[in-house]
Amino acid sequence: MDGHPGTTFRTQVEWIDTDAAGIYHNSTVARWVEAAEARLMAGPGLHDYFRSAPRVSYHADFEAPLFFGQEVTVHLEVTELGSSSMTFGFEVWGEEHGGRPRRRAARGSYVTVHVEQDHDHPDGARSSPWPAGTVAALQGQGRAQSPA
């Protein structure tokens, strides 16, 4: 995934993220990935990105459990920037914990599409090209960012 805008986000499995046995809920991955996406977009100042970029596709493969208190590392990268869509790839890693080795817990991809308000469209919005400033900001990143 080198050469594309990306970021690394670190967190840990909180009790609210788990079932009664202390194993994480799969849905937590989406929240962590979105937190990484927010960090990626904040880096170049794309604070309005989320208002106009709904997800249209999401796929995840869950490979290993994560446990309460375990440190988690999320790697997120833009893998394709189309004229009106953006594809992201992600990996979620569970760090060494309680004698368990570091393992990839999940991986996947999702697609967002740039939309703008269109009161003449039946849904009130329509797909449109990414603004030039968004494209320039993302292309200017060009490599993964780590948290400060």
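In the range 76-101, the residue that is farthest from residue 32 (Cα to Cα) out of those that are in contact with a Lys or Arg (Cβ under 9 Å, 6 or more places away or on another chain) and surrounded by 15 or more Cβ atoms within 10 Å (Cβ to Cβ) is 95. Which condition from (1) crowded, with 19+ Cβ neighbours inside 10 Å; (2) over 20 Å from residue 6 (Cα atoms) is the one that residue 116 breaks? Among (1) crowded, with 19+ Cβ neighbours inside 10 Å; (2) over 20 Å from residue 6 (Cα atoms), the lone unmet condition for residue 116 is (1). Looking across the range 40-73, the residues that are in contact (Cβ under 8 Å) with a residue 60 or more places away in the chain and in contact with a strand residue (DSSP E or B) (Cβ under 6 Å, 6 or more places away or on another chain) come down to 40, 43, 52, 53, 71, 72, 73.
Mind checking which residues of the range 1-27 are free of Cβ contacts under 8 Å to residues at least 24 places away in the same chain and either surrounded by 15 or more Cβ atoms within 10 Å (Cβ to Cβ) or of a type outside the set (Gly, Ala, Ser) (or both)? Before the answer, list the steps.
Narrowing the range 1-27 to residues free of Cβ contacts under 8 Å to residues at least 24 places away in the same chain: 16, 19-21, 25, 27.
16, 19, 25, listed by residue number.
Tell me, yes or no, whether the range 61-78 has at least one residue that is of a type in the set (Asp, Glu), farther than 19 Å from residue 125 by Cβ, under 12 Å from the mean Cα position of the chain (by Cα) and in a helix (DSSP H, G or I). If you could, list the steps in order and put the result at the bottom.
Within the range 61-78, the subset of a type in the set (Asp, Glu) is 61, 63, 71, 77.
Imposing the further condition that a residue be farther than 19 Å from residue 125 by Cβ reduces the set to 61, 63, 71, 77.
If we keep only those that are under 12 Å from the mean Cα position of the chain (by Cα) too, we end up with 77.
Those left that are additionally in a helix (DSSP H, G or I): none.
There is no residue in the range 61-78 that is of a type in the set (Asp, Glu), farther than 19 Å from residue 125 by Cβ, under 12 Å from the mean Cα position of the chain (by Cα) and in a helix (DSSP H, G or I).
Surrounded by fewer than 14 Cβ atoms within 10 Å (Cβ to Cβ), at pLDDT 75 or above and part of a loop (DSSP other than H, G, I, E, B): does that describe residue 129? Considered against the rule, which asks whether it is surrounded by fewer than 14 Cβ atoms within 10 Å (Cβ to Cβ), at pLDDT 75 or above and part of a loop (DSSP other than H, G, I, E, B), residue 129 comes out as yes. Residues satisfying the criterion are present in the range 49-65 (criterion: of a type in the set (Val, Ile, Thr) and either farther than 15 Å from residue 7 by Cβ or exposed (fewer than 14 other Cβ atoms within 10 Å of the Cβ) (or both)). I'd like to know if the range 30-42 contains one or more residues that are farther than 21 Å from residue 96 by Cβ, among the acidic types (Asp, Glu) and in a helix (DSSP H, G or I). Yes, the range 30-42 contains a residue that is farther than 21 Å from residue 96 by Cβ, among the acidic types (Asp, Glu) and in a helix (DSSP H, G or I).
The values are calculated or read from the model by the stated rules, or taken from the named source; none is laboratory data. What you see is a predicted model, and the numbers here were worked out from it, not measured in a lab. Backbone-built Cβ (ideal geometry, glycine too); neighbour counts: all protein chains shown.
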